[in-house]
Amino acid sequence: MNLTGKVALVTGAAQGIGEAVVRMLGEYGVQVVAVDKNITALDKLVFDLTAKGIFIKAFVADVRDSVCVEDVVNQIENEMGPIEILVNVAGILRMSPIDSLSDEEWNEVFSVNSNGVFYVSRSVSRRMMSRKSGSIVTVGSNAASVPRMHMSAYAASKAAATMFTKCLGLEMAKYNVRCNLVSPGSTDTEMQRQLWTDENGVKKMIAGSQDTYRLGIPLNKIATPSEIAEVVLFLVSDKASHITMHNLCIDGGATLGV
């Protein structure tokens, strides 16, 4: 896939889909920079991959802080070389009916899921422009295109991140910088488990719920983080050299291709 030796920045890197992306990129010889707020999980990931001989460098940083983001990107570029791959994974979920959704919850979700994508993408794409090379992938959600009960802040923030990434791709195309999205459905992560009320959570997700207007999953399973990471790997590689502004939904058919 012509990835060996490239520098990749991955946000939300310490767990779930972000961790799977870091591990997979590392296995393909990419110099991975993992960014996350969770210092304990980040240290564990670094220890594990280093023991396996995989290069990884970690930064504890908050994507909601544009100054911090700029400092981290500068440090990476100065110490490791040009960032050729960016994967925006950092995201949070807050569940609440709209009538009881607080200002703080709404702003918190947008500050990570939308603002964070903007801050990191803006900083990295500025540098990619001058080099006329690079690939950016944002991890969105199928909830960006289908309404979800009690997930208005999450769905709206992911919709914003989706359209932002497409606009970025349009502006960056003349600089040979590709910008794409992957939009997972139900995936076996800690965020997904927030939606489960008992030990039958997986079965309920697969079956769907008429009460919450949620369709089931035709493939009869939820995704694994590595299944999402495989698609990210494809999109950042030369195998996807003529793909930009594309949103690839990975939800087992749960949104019927909407």
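Taken together, the values in this text are just the output of simple stated rules run on the coordinates, not laboratory data. All figures in this text were calculated on a predicted structure; none of them were measured in a lab. When we count neighbours, we look across all protein chains shown, and the Cβ atoms used for this are built from the backbone with ideal geometry, even at glycine.
Among bridges DSSP assigns within segment 1-151, what percent are antiparallel (round to 5)? Spell out each step's value before the answer.
Working: 0 of 18 bridges.
For segment 1-151, the DSSP antiparallel bridge percentage is about 0.
So what's the angle, to the nearest 10 degrees on a 0 to 90 scale, between helix 225-236 and the longest Cα principal axis of the chain?
Roughly 40 degrees, rounded to the nearest 10.
Taking 0.36 nm per intervening residue step and subtracting the Cα-Cα distance, what contour gain separates LYS174 from ASP43 on full extension? Walk me through the numbers on the way to the answer.
Working: separation 131, 0.36 × 131 = 47.16 nm, distance 3.86 nm.
Computed gain between LYS174 and ASP43 is 43.3 nm.
Karplus couplings for segment 82-99 from phi (6.51 cos²θ - 1.76 cosθ + 1.60, θ = phi - 60°), rounded to Hz, Gly and Pro as x?
Running phi through 6.51 cos²θ - 1.76 cosθ + 1.60 with θ = phi - 60° gives x, 6, 9, 9, 10, 10, 8, 10, 3, x, 9, 10, 10, 9, 5, x, 4, 5 Hz.
Suppose every Lys and Arg Cβ carries +1 and every Asp and Glu Cβ carries -1, with no other charges. What dipole size does segment 1-153 come out with about its Cα centre, to the nearest 20 debye? Spell out each step's value before the answer.
Values: 14 positive and 17 negative charges, 129 e Å.
It comes to approximately 620 debye.
Between GLU199 and PHE234, 0.36 nm times their residue separation minus their Cα-Cα distance comes to what? Could the numbers behind the result be given before it?
Values: separation 35, 0.36 × 35 = 12.60 nm, distance 3.38 nm.
The span from GLU199 to PHE234 would gain 9.2 nm if fully extended.
Taking the Cα centre of the chain as the origin and placing charges on Cβ (Lys, Arg +1; Asp, Glu -1), which of SER152, TYR119, GLN15 is farthest toward the positive end of the dipole?
It is TYR119.
Could you run the Karplus curve 6.51 cos²θ - 1.76 cosθ + 1.60 with θ = phi - 60° over segment 30-37 and give me ³J(HN,Hα) per residue in whole Hz, x for Gly and Pro?
3J(HN,Hα) across segment 30-37, in whole Hz: 7, 7, 9, 10, 9, 10, 6, 7.
Segment 1-78 to segment 99-158: how many Å between their Cα centroids?
19
Under 5 Å between amide H atoms, partner at least 5 residues away or on a different chain: which partners does LEU248 have, H built in plane at 1.01 Å?
Counting only residues 5 or more places away or on other chains, the set is LEU181, VAL182, SER183.
Under a point spin-label approximation (7 Å from Cα along Cα-to-Cβ), what is the MET129-LYS221 distance to one decimal in nm?
4.4
Given the peptides 143-156, 11-24, arrange them by the average over their residues of other C-beta atoms within 10 Å, most packed first.
Numbers: 143-156: 18.7, 11-24: 26.3.
So the peptides 143-156, 11-24, ranked by packing, come out 11-24, 143-156.
Once you list every other residue whose beta carbon is under 14 Å from the beta carbon of SER102, what net charge do they have if Lys and Arg are +1 and Asp and Glu are -1?
On the way: positive: ARG94; negative: ASP99, ASP103, GLU104, GLU105, GLU108.
Once positives and negatives cancel, what remains is -4.
If you place +1 on the Cβ of every Lys and Arg, -1 on the Cβ of every Asp and Glu, and leave all else neutral, what size is the dipole of the chain about its Cα centre, to the nearest 20 Debye?
Values: 24 positive and 27 negative charges, 171 e Å.
So the dipole magnitude of the chain works out to roughly 820 debye.
Tell me the label-point distance for the pair PHE55, MET1, using the 7 Å Cα-to-Cβ offset, in nm and rounded to one decimal.
The two pseudo-label positions are separated by 1.7 nm.
Pick out, in residue order, every one of the GluC sites (Glu not before Pro) in segment 157-256 that is DSSP loop and has at most 13 other C-beta atoms within 10 Å; say none if there are none.
Values: sites: GLU171, GLU190, GLU199, GLU227, GLU230; in loops: GLU199.
Of the GluC sites (Glu not before Pro), the ones in loops of segment 157-256 whose Cβ has at most 13 other Cβ atoms within 10 Å are GLU199.
Report, to the nearest 10°, how far helix 66-79 tilts away from the longest principal axis of the Cα atoms in the chain, using its own Cα long axis and a range of 0 to 90°.
On a 0 to 90 degree scale, this one is about 40.
Using +1 at the Cβ of each Lys and Arg and -1 at the Cβ of each Asp and Glu in the chain, identify which of THR244, GLY26, VAL232 lies farthest towards the dipole's positive end.
Going by the Cα projections, it comes out as THR244.
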